[in-house]
Amino acid sequence: MTFRKYLVLGGVTLFAAIGDTLLARGMKQVGNISLHSLPDIVLAVLNPWVALGILFLLGFFAAYMTALSWADLTYVLPATSLGYVLLALIAKFFLHEQVTTTRWLGIGLISAGVGFVTQGPALTRHPYHHQPDAEAERVGTRAEP
Amino acid sequence: MKHAYTWGAILAVVLASASGDVLLSRAMKKVGDVGALWRHSGLLTVAGRILSRPSFLLGIFMMAASFFSLLFALSWGDVSLVAPASASLTFVANAVAAKIFLHERVDHRRWIAALLVAGGVVLLAA
């Protein structure tokens, strides 16, 4: 794991939390959309908060795909779950919601989980699998199974 | 009856989202390190490699399916049940699916991490 890779994991976490927050804020402004007028959901994109939220979620997806290209799924998911903690903190400090003791406990559990998984290796090395970095160099000539 | 619908929809969210994650992860492992590939042959090659993988497209489709199942679940059940239940069950389902289908080595450390995060998500919504 290099510094650049930790940066990508941080991007996954940040972009998801910020994107969700922006979407939630925008959709509150747009109001309820009933199942009978589903096309209205297209108009929701015109809301600037929603549009910005979608932009951030696209960034999240790009970072997530990058992370999955060199790390295990069971590493990336817990490692980026700090986003839940971030959402709770955003709710407390920006939306002035109350964070209860139970929630702090939840934040503690998630942080412990993140600490656990990032102590270990990021990628399973299969005996028939080579280093992904070396593999990427000759990916064009490799025969697909 | 409404309860059964809600849990059915939550189950659909979990299954669709876990299979989507597994498919996307498999696709990206086949593509290889995106950073190295980008430096080596440019962004267009990277995009082409990713978009031409059937498992990537199927993964996107499953993600969309999970999103719409979530909408259905939310229309039947409370958000305070649906959101944490589907999120935390997805963490556990992903660990199982990654072990079976991606042959990742899910050791004690990763099991504990998945369960801690799943439990934490439930508490956050409590």
Relative contact order [Cα under 8 Å, 6+ residues apart], segment A:3-137, whole percent
29
Amide N proximity, segment A:98-127 versus A:Lys5 label position 7 Å along Cα-to-Cβ, cut-off under 19 Å
A:114-127
For B:101-114, mean number of other protein chain Cβ atoms within 10 Å:
6
What average count of beta carbons from other chains do you get within 10 Å of the Cβ of residues in A:104-111?
6
Give a residue-ordered list of calculated ³J(HN,Hα) values for segment A:75-92 (Karplus: 6.51 cos²θ - 1.76 cosθ + 1.60, θ = phi - 60°; whole Hz; x for Gly, Pro).
9, 5, 4, x, 5, 9, 6, 4, x, 5, 5, 4, 4, 5, 5, 4, 4, 6
Using the Kirkwood radius over Cα pairs, work out the Stokes-Einstein diffusion coefficient for segment A:1-71 at 25 °C and 0.890 mPa s, in µm²/s as a whole number.
185
Length gained if B:His103 through B:Leu44 is fully extended, taking 0.36 nm per residue and subtracting the Cα-Cα distance, is 18.2 nm
Neighbouring partner chain Cβ atoms per residue of A:114-120, average, 10 Å criterion:
5
How big is the protein assembly as shown on each of its three principal axes, counting only the C-alpha atoms and giving the largest first in Å?
52, 41, 39
Using only Cα positions of segment B:29-69, each an equal point scatterer, no hydration layer, compute I(q)/I(0) via Debye at q = 0.14 Å⁻¹ and quote the log10 values to two decimals.
-0.39
Could you tell me what % of all Cα pairs in segment B:48-103 have separations over 18 Å?
50
Could you give log10 I(q)/I(0) at q = 0.13, 0.20 Å⁻¹ for segment B:2-125, computed by the Debye formula over C-alpha point scatterers of equal weight, without solvent?
-0.62, -1.07
Kyte-Doolittle at least -1.0, axis length at least 18 Å by Cα - qualifying DSSP helices, chain B:
B:2-31, B:54-76, B:79-101, B:108-125
Note down the magnitude of the dipole of segment B:2-125 about its Cα centre, charges +1 on Lys and Arg C-beta and -1 on Asp and Glu C-beta and zero elsewhere, to the nearest 20 debye.
400
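A short reminder: the numbers here are calculations on the coordinates, not readings from a lab. What you see is a predicted model; the values in this text were computed from it and never measured. Cβ coordinates were reconstructed from backbone atoms using ideal geometry, including for glycine residues, and neighbour counts include every protein chain displayed.
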